[in-house]
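The values are calculated or read from the model by the stated rules, or taken from the named source; none is laboratory data. Computed from a predicted structure; not experimentally measured. Using ideal geometry, Cβ is built from the backbone for each residue, glycine included, and neighbour counts are taken over all protein chains shown.
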Amino acid sequence: MNEVELIRAQMSLERQHAFDVSHALAAAGARSGDGLDSWQAFRQAGVDYLVWILSRFEEREQTFRDILRARSGADDSARRAVEDALVMSGTSREALQKLESALGTVSGSDVERVGRWTDFQHFFTGPWSARRDTFDNLLTQQAKVSEWRAISGIDADSIFEERSRYARVRAVLPPGIEIPAPTSRV
């Protein structure tokens, strides 16, 4: 595997972990809200993970845009494609707002709580995922080999940090909530 393939594999793994954590949070949140210690510890670990990982995805978009701006003119089609993608729905900030809304319904009615968690999960698997697909395709088409490292922000320390954060989430899963074992993936 070359360096770009390793970076792409790590980015894919991070994305899968984000899906796993968002799905588990939504499943636990939709049926929880009773203040159990296991729910609170899981909620904190899951939110910490998603805030950290979603920030990384957003930073990648901005870094990609900045790199293209530096190497191309305003009329460059590659740059325009990235600028167009940046105005798409599905930002990490929007995902975090939906998460915050879902977290705020702990004391609401069951229907309201389930609805907000469902809304969060649908946003994550819909617009957020579509935006990731668009940026993944643009990166594959337009990023030079030398730019992948800068855009991804992936190095040994970040890989260790991501895996540690993901392991913390898995360590505090409430009863009845599951996340696939890490060994079942890349």
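Of the residues in region 170-186, how many are outside any loop (DSSP other than H, G, I, E, B), at pLDDT below 80 and charged (D, E, K, R)? Adding up the residues that qualify gives 0.
One residue stands out among those in region 109-152 that are surrounded by fewer than 13 Cβ atoms within 10 Å (Cβ to Cβ) and of a type in the set (S, T, N, Q): the one that is modelled with the lowest pLDDT, which is SER109. Per the listing ALA28, ALA81, the residue uniquely surrounded by 15 or more Cβ atoms within 10 Å (Cβ to Cβ), over 20 Å from the mean Cα position of the chain (by Cα) and of a type in the set (A, V, I, L, M) is ALA81.
Are there any helices (runs of 4 or more DSSP H) wholly within region 46-143 with 1 or more residues that are under 30 Å from ILE177 (Cβ atoms) and without any contact (Cβ under 8 Å) to a residue 12 or more places away in the chain, and if so which? Write out each step before concluding.
Numbers: elements: 77-86, 92-103, 110-123, 129-142.
Ranges flagged: 92-103, 110-123, 129-142.
In this structure, GLY73 does satisfy being in contact with a helix residue (DSSP H, G or I) (Cβ under 9 Å, 6 or more places away or on another chain) and within 23 Å of ARG149 (Cα to Cα). Residues that are under 20 Å from PHE135 (Cβ atoms), small (Gly, Ala, Ser) and surrounded by 14 or more Cβ atoms within 10 Å (Cβ to Cβ): does region 93-104 have at least one? The answer is yes, given that some residue of region 93-104 is under 20 Å from PHE135 (Cβ atoms), small (Gly, Ala, Ser) and surrounded by 14 or more Cβ atoms within 10 Å (Cβ to Cβ).
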